[in-house]
Amino acid sequence: MEKLRIGIIGAGRIGKIHADNLLRLPEAQIVAVSDLFAGPELEAWAAERGIGIVTKDSGEIISNPDIDAVFVCSTTDTHVPLIKQAAQAGKHIFCEKPISMDIRQTQEAIEAVRKAGVKLQI
């Protein structure tokens with residue numbers, strides 16, 4: 001069985017919870033994690049879990065051809081732009097709630113996903 005290769009954007013409390021849950025699934029492989037505050041602590045945490053790439057740049061995850069899906073676990077104000085970028089890159093997306101506090105921005109994100117033909121889960 002081929003594994004779903006995942007990148008996690010945002011490695012705060014909720015991002016780490018999702019990562020630990022994903023690691024229990026034999027069908028999933030976490031390829032990379034990004035966080036604006038990535039440093040030695042996050043690198044050690046990732047190494048303990050076999051996550052090979054740690055970066056401060058979410059764009060590295062979105063543009064990585066070895067990643068099939070992204071988990072958006074960053075702050076709410078980043079959700080819409082990250083969803084749009086991931087959709088345009090052909091990545092399936094899991095996003096923490098809410099997508100946005102603004103209904104128009106939420107609709108824009110959903111439209112970007114629809115146009116790209118990728119899956120979005122909240």
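Odds and ends about this structure:
- Pairing residues of the stretch 58-69 that are within 19 Å of GLY15 (Cα to Cα) and touching a residue at least 60 places away in the same chain (Cβ under 8 Å) with residues that are part of a helix (DSSP H, G or I) and open to solvent by less than 80 Å² (accessible area, probe 1.4 Å), at Cβ distances under 9 Å and at least 6 apart in sequence or on separate chains, gives ILE67/ILE61; ALA69/ALA86.
- Condition check for ASP102: under 13 Å from the mean Cα position of the chain (by Cα) and either modelled with pLDDT of 95 or more or over 19 Å from ARG5 (Cβ atoms) (or both): no
- If the condition is being in contact with a strand residue (DSSP E or B) (Cβ under 8 Å, 6 or more places away or on another chain) and small (Gly, Ala, Ser), then the stretch 1-44 contributes GLY7, GLY10, ALA11, GLY15, ALA19, ALA28, ALA32, SER34, ALA38.
- In the stretch 61-79, the residues that are open to solvent by less than 10 Å² (accessible area, probe 1.4 Å), β-branched (Val, Ile, Thr) and under 16 Å from VAL113 (Cα atoms): VAL70, VAL72
- Residues of the stretch 12-29 that turn out to be in a loop (DSSP other than H, G, I, E, B) and either of a type in the set (A, V, I, L, M) or open to solvent by less than 70 Å² (accessible area, probe 1.4 Å) (or both), as a count: 3
- Condition met for LEU36 (open to solvent by 30 Å² or more (accessible area, probe 1.4 Å), without any contact (Cβ under 8 Å) to a residue 60 or more places away in the chain and under 28 Å from SER100 (Cβ atoms)): yes
- Test: residue in the stretch 1-8 that is in a loop (DSSP other than H, G, I, E, B), open to solvent by 30 Å² or more (accessible area, probe 1.4 Å) and at pLDDT below 95: yes
- The stretch 79-98, residues that are without any contact (Cβ under 8 Å) to a residue 60 or more places away in the chain and part of a helix (DSSP H, G or I): HIS79, VAL80, PRO81, ILE83, LYS84, GLN85, ALA86, ALA87, GLN88
- Within the stretch 99-113, if we keep just the residues that are in contact (Cβ under 8 Å) with a residue 24 or more places away in the chain and part of a loop (DSSP other than H, G, I, E, B), the residue that is least open to solvent (accessible area, probe 1.4 Å) turns out to be SER100.
- On inspection, ILE51 qualifies as open to solvent by less than 40 Å² (accessible area, probe 1.4 Å), under 18 Å from ASN21 (Cα atoms), over 12 Å from the mean Cα position of the chain (by Cα) and β-branched (Val, Ile, Thr).
The values are calculated or read from the model by the stated rules, or taken from the named source; none is laboratory data. Everything quoted here is computed from the prediction, not taken from an experiment. Glycine gets a Cβ as well: all are built from the backbone with ideal geometry, and neighbour counts include every protein chain shown. SASA here: full protein model, heavy atoms, side chains in, ligands and nucleic acids out. Shrake-Rupley method; radii C 1.70, N 1.55, O 1.52, S 1.80 Å.
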